[in-house]
Structure formats: C-alpha cells, structure tokens
C-alpha cells in the first residue's frame with residue numbers, strides 16, 4: 001500500500017480511516033491495529049489517538065460506515081423496486097448478501113461484539129435505520145401475519161446472516177437449487193417469503 005507523503009490539516013482522520021479499511025480488506029480484522037494503521041499512514045504510532053482513542057473506537061467507526069453503505073444500497077434498490085412488497089422485503093436480504101460476499105472481512109467485523117462497541121450511539125443509529133425500514137416493509141407485505149413484524153425481521157436477518165457466515169467459513173458451497181435452478185440463497189429467500197401472506 002502506498003503511504004501518503006503528506007496530508008492537509010484536518011485530513012489525518014480520513015487518511016487513518018481509509019488505511020484501516022484497506023488493511024481490513026487485505027488482512028482481516030487482525031491486521032487492523034493502531035500501530036499498523038499509523039505505519040501505513042506514515043505517521044507516528046501516537047498520532048491516531050488524537051482521532052481514535054483506541055483500536056475499538058477505530059473499528060467501531062469502520063463498522064458504522066459499513067452499515068451506512070448497506071443502508072445506501074438498500075435505499076437505492078428500493079427506489080428501483082416496484083410496489084410488490086415481497087420484492088421490497090427481499091431487497092434487504094439481497095443487500096446484506098451482496099455486501100457480505102463482496103467484503104467478507106468487513107461483514108465479519110460488523111458482528112464482533114468483542115471488538116466494536118455495539119452501544120455506540122452512531123453505530124446503533126445506523127443499524128436501527130436498516131432494521132426499522134425492514135420492519136416497515138414487512139408491515140406492508142404482511143399486514144395480517146400471525147406473528148409480529150419483529151419476529152419476521154429477526155427470522156429473515158438470522159437466516160441471511162447464518163447463510164453468509166456459513167458461506168464465508170467454507171461450510172456451504174455456492175450451489176444452485178436443483179428444483180428451480182436458482183442460486184441457493186435466492187431459492188431460500190423465495191421459500192421464506194412465502195410466509196408473508
């Protein structure tokens with residue numbers, strides 16, 4: 001990775017963040033340390049503390065930004081999705097699956113309670129925006145469901161997360177459903193969404 005030779009006043013926080021994300025993509029979370037980030041940014045190992053008090057704060061900021069990226073992907077897809085409510089619910093699962101397979105190390109970081117602060121207000125806000133929008137779409141898709149919207153949302157999120165996690169760990173292969181010919185995750189979503197009546 002090329003080290004920045006200089007940066008304008010006020011840019012260091014952005015440089016540190018970008019370097020940390022690049023290290024995460026290349027090496028996984030174990031490669032993101034304050035010392036490694038400072039070294040790649042070309043600053044002293046004590047410089048990052050002025051912007052991120054410790055590794056946990058830096059990783060929490062990265063996690064927040066990833067949820068915001070996922071939210072942007074969801075909102076963009078919803079604008080292009082017709083009024084079929086099941087299709088709109090599916091947008092949320094699609095966004096998580098695409099993000100997880102494109103950025104596996106970033107995705108895995110999102111759920112690391114030992115490394116990020118899940119009580120951080122900004123992180124919580126980013127997560128809640130996704131969850132609240134999902135629940136709103138579920139309400140519209142299944143106004144007479146026999147369970148509440150949170151049960152449906154948690155079930156969908158759990159299924160999607162479990163599938164992504166098992167794929168990333170190498171336990172599941174990217175196979176197609178033999179009956180429909182669709183990718184396995186697409187057939188799973190179709191099956192799940194049949195409960196939304």
- Query: Between the helical axis of 121-141 and the dominant principal axis of the chain, each derived from Cα atoms, what acute angle in degrees is found, rounded to the nearest 10?
  - Reply: 10
- Item | Whole-Å distance, taken between Cα centres, linking the range 173-188 and the range 44-103 | 25
- Task: Read through the labelled values (1) 0.96; (2) 1.44; (3) 1.18 and report the label of the one computed as Cα Rg over 2.2 N^0.38 Å from the structure.
- Result: (3)
- Does anyone have the angle between helix 184-193 and the longest principal axis of the chain? Alpha-carbon axes, 0 to 90°, nearest 10? 60
- Message: As I understand it, the value is the acute angle between the Cα axis of helix 149-168 and the longest principal axis of the Cα atoms of the chain; what does it come to in degrees, rounded to 10?
- Response: 60
- Considering Cα pairs under 8 angstrom that are at least six residues apart, work out the relative contact order of the range 44-197 and quote it in whole percent. 26
- Query: What number, rounded to the nearest 500 deg cm²/dmol, is the helix-based mean residue ellipticity at 222 nm of the chain, given -39500 (n - 2.57) per DSSP H run of at least four residues and division by all its residues?
  - Reply: -21000 deg cm²/dmol
- With R₀ set to 45 angstrom, the calculated FRET efficiency between the beta-carbons of residue 175 and residue 51, to the nearest 0.05, is 0.50
- Query: Where is the GNM fluctuation largest for the chain (alpha-carbon springs, 10 angstrom cutoff): 162, 42, 170?
  - Reply: 170
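Where a number appears in this text, it was derived from the coordinates with a stated rule and is not lab data. Model, not experiment: these values are computed from the prediction. Note that we place each Cβ from the backbone using ideal geometry, even for glycine, and neighbour counts take in every protein chain shown.
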